[in-house]
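A.B. asks: The structure follows.
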Amino acid sequence: MLVDLGGKVYMNNKENDNLEKQRTAAIGFKQVQPGVEEIEFMQEGSYSGAGTWSVGVNIMVDGKKYSEIFREEGLMGGDELPDGNTGTKTPVKVIYSNGKEEVLK
């Protein structure tokens, strides 16, 4: 939701919070998983009954698509990923739940 107040446009705090969490999770994943080419967030993300924020993502690693669940602190679960903990040194395309895109370098 966007609100126009005196010529300034403000985004809904919930949307802002979700996008910040998505970006943090994407950066964290890129720092540990090798071969990441693209990360696409499938929805905004939500809090579980235990108070943990998580979100479904589709990722491309070395040309293969994987379905994963991210939380802000890192990977929560999903398909088995290729081994490695060296991170991705090349740029990664990120598609956020609102459709905006960014390339993480």
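Only the coordinates and a few stated rules stand behind these numbers; no lab work does. Keep in mind it's a predicted model, so treat the numbers as computed, not measured. Counting neighbours? That spans all protein chains shown, and the Cβs are built from the backbone with ideal geometry, glycine included.
A.B. asks: Taking a quarter of the surface of the Cα convex hull of the chain, what do you get in nm²?
C.D. replies: Over all viewing directions, the chain projects a mean Cα-hull area of 7.3 nm².
A.B. asks: Using 0.36 nm times the number of residues separating Met42 and Ile27, minus their current alpha carbon distance, what extension gain do you get?
C.D. replies: Net length gain for the segment: 3.7 nm.
A.B. asks: Now a separate question. Counting helices only, and only those DSSP H runs with n ≥ 4, report the 222 nm mean residue ellipticity of the chain as the sum of -39,500 (n - 2.57) divided by its residues, in deg cm²/dmol to the nearest 500.
C.D. replies: Per the formula, -6500 deg cm²/dmol.
A.B. asks: Something else now. Mind putting a number on the dipole of the stretch 5-104 about its Cα centre? Charges go on the C-beta only, +1 for Lys and Arg and -1 for Asp and Glu, and I need it in Debye to the nearest 20.
C.D. replies: Around 300 debye, computed over the stretch 5-104.
A.B. asks: Among 18-27, 50-59, what's the highest-first ranking by average C-beta atoms within 10 angstrom per residue?
C.D. replies: 18-27, 50-59
A.B. asks: Between Lys89, Lys14, Lys65, which gets the highest mean-square fluctuation from a Gaussian network model of the chain, Cα cutoff 10 Å?
C.D. replies: Among Lys89, Lys14, Lys65, the largest mean-square fluctuation in the Gaussian network model of the chain belongs to Lys14.
A.B. asks: Enter the angle in degrees (range 0 to 90, nearest 10) between the Cα long axis of helix 13-32 and the first principal axis of the Cα atoms of the chain, meaning the one along which they spread out most.
C.D. replies: Between the helix axis and the principal axis of the chain, the angle is about 20 degrees.
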